[in-house]
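See structure below.
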Amino acid sequence: MRKIFALILCLTLTAGLICAVSAAPEDPDITAATTFSGSGYSSFDFLADKNIDTYKTSNGNASITLSNDQGIGSLYLLFDLEYGEYTITANGKTVTAGQNEILHEYVDLIAAFGAAPKSVTLDFANGSVRLSEIYAFSGTDVPDFVQKWSAPHEGGADLVLFATHGDDDQLYFAGLLPLYSVAKDCRVQVVYLTDHRNTTSGRIHEMINGLWAVGVRAYPVFGRFADFRIDDLEETYETYENSYNTTRDDLQGFVVEQIRRFKPQVAVGHDLKGEYGHGMHQVYADLLTKAIDLTGDPTAFPESAEKYGTWEIPKLYLHLYEENAITIDYDQPMDVFDGLSAFQVTQKYGFPCHISQQWTGFRTWLNGYDGEITKASQIEKYNPGKFGLYHSSVGPDTAKNDFLENVTTYAEQERLEQERLEQERLEQERLEQERLEQERLEQERLEKERQEQERLEQERLAREAQRRKEVTTAVVILVILVILLLCVLLMRPKGRKRKK
């Protein structure tokens, strides 16, 4: 009996193990089992080595075919340099991708082609393409590291953060992005002054990864201006012009264009003194303050005015600006990110993405020497929550704790507009119902009038018929009387003649 029981137990455990194995989720990453071929590169091994630093530039136009008998449901392309449009061909159909020049681009092949193709060809027909990685997935349920960027907030950003360098958004504005883009669900757009490419191509990937990690989903804008450090405003302007052939107008035009392009309710920028004195921080803040008088003038930088229209910023905040000071609380636990504070999200997820900066003093500034800093309020020098309202066309702040005080977000504007349109529709519907009711009542009135006229006409006709009947009867009686009279007259005997 014991042997039978042991056998049953073993079979049960074996069946359980088999079920557990069969129920284990299948890895969607099929890159290693996918064959790469094509032209433009001597080999394609670098595209599947899972190392973003190993990029290559194609020899002229490139064509890359990925094949997998399992079917390829989606791709994740990591460009090392913006390329632009390219085409994807599969299942006898060709679609265009790359319109937004996103460096980390996710492509849903099932949505594009109706099914997961076993072979897909990428054609880069507009010159050399610089690629780092291409991931292939069996479906669209992809790993968390895959970034599915949306297009920039064209014409409707609630808040635009003008951050100079790749890590400034995670340092001197630490907490701003997760608080406003996720917790407050605002349309946040980041515009960097530099992409760091005059020194390295790696930092731009860190910038993208850092934004994604703290919840930003609108793809950022990267200014193409060189990165260098001179701790003086005027010397920085002069170095741009003399060493990099970049004029003040070039820099100013860039800022004016981004404001017109995104039409922010609020713009946020650096300390006028450059936080720790960085000349590029000073330049970016200076450009923002000057843009206030330019973005609404169609004669100033007319090309961007023609392209995007003009725009006057309702509010501009500068970091550490002492007038009209406000404090943003980044230390309250949020309902998102597992209850972390906005500052902690930046500490834990955002700044660590900037791998190249982990050896610098910025890491200590943000975290403390032994990780003792856990709140933004603990940072005394260059506190990331301290700002001043440099410009406002919507009145002064009174609560002094929210960038969006006195402004209405675009989502709220749209909601109010939808509400207005709905009220207008309901009013139109009410008026239409009133009109139809009035028409119905008028029709009823007219019908009653018609029926009354008909009744009166029938009565009139009846009276006329009665009169005709009476006249006819009288005429008949008269005729009869006449006839009778005539008969009497005719039947009356004639009188005898008298004798003479």
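The values are calculated or read from the model by the stated rules, or taken from the named source; none is laboratory data. Worth saying up front: this structure is predicted, and the values here are computed from it rather than measured. Ideal geometry is used to build each Cβ from the backbone, glycine not excepted, and the neighbour counts take in all protein chains shown.
Data for the structure
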{"read-out": "Some residue of the range 304-316 being out of contact with any His (no Cβ under 6 Å at 6 or more places or on another chain), in the same structural domain as residue 208 (by TED's automatic domain parsing), part of a strand (DSSP E or B) and within 19 Å of residue 389 (Cα to Cα)", "value": "yes"}
{"read-out": "Of the criteria (1) touching a Ser or Thr at 6+ places or on another chain (Cβ under 7 Å); (2) of a type in the set (D, E, K, R); (3) under 20 Å from residue 218 (Cβ atoms), which one residue 261 fails", "value": "(1)"}
{"read-out": "Checking residue 399 against (1) over 26 Å from residue 205 (Cβ atoms); (2) part of a helix (DSSP H, G or I), the condition it does not meet", "value": "(2)"}
{"read-out": "Qualifying positions in the range 118-132 - closer than 16 Å to residue 94 by Cβ, within 29 Å of the chain's Cα centre (by Cα) and in a loop (DSSP other than H, G, I, E, B)", "value": "126"}
{"read-out": "Checking residue 272 against (1) within 24 Å of residue 400 (Cα to Cα); (2) assigned to a helix (DSSP H, G or I); (3) touching a helix residue (DSSP H, G or I) at 6+ places or on another chain (Cβ under 8 Å), the condition it does not meet", "value": "(2)"}
{"read-out": "Residue list for the range 56-96, filter: outside any strand (DSSP E or B) and in contact with a Pro (Cβ under 7 Å, 6 or more places away or on another chain)", "value": "71, 72, 91"}
{"read-out": "Test for residue 57: is it surrounded by 13 or more Cβ atoms within 10 Å (Cβ to Cβ), among the polar types (S, T, N, Q), within 25 Å of residue 195 (Cβ to Cβ) and at pLDDT 95 or above", "value": "yes"}
{"read-out": "Search result, residues across the range 332-372 that are assigned to a loop (DSSP other than H, G, I, E, B) and touching a Leu at 6+ places or on another chain (Cβ under 8 Å)", "value": "334"}
{"read-out": "Test: residue in the range 403-412 that is surrounded by 11 or more Cβ atoms within 10 Å (Cβ to Cβ), closer than 20 Å to residue 272 by Cα and either of a type in the set (D, E, K, R) or not assigned by TED's automatic domain parsing to the domain that holds residue 263 (or both)", "value": "no"}
{"read-out": "Those helices (runs of 4 or more DSSP H) lying entirely in the range 142-251 with at least 3 residues free of Cβ contacts under 8 Å to residues at least 24 places away in the same chain", "value": "233-244"}
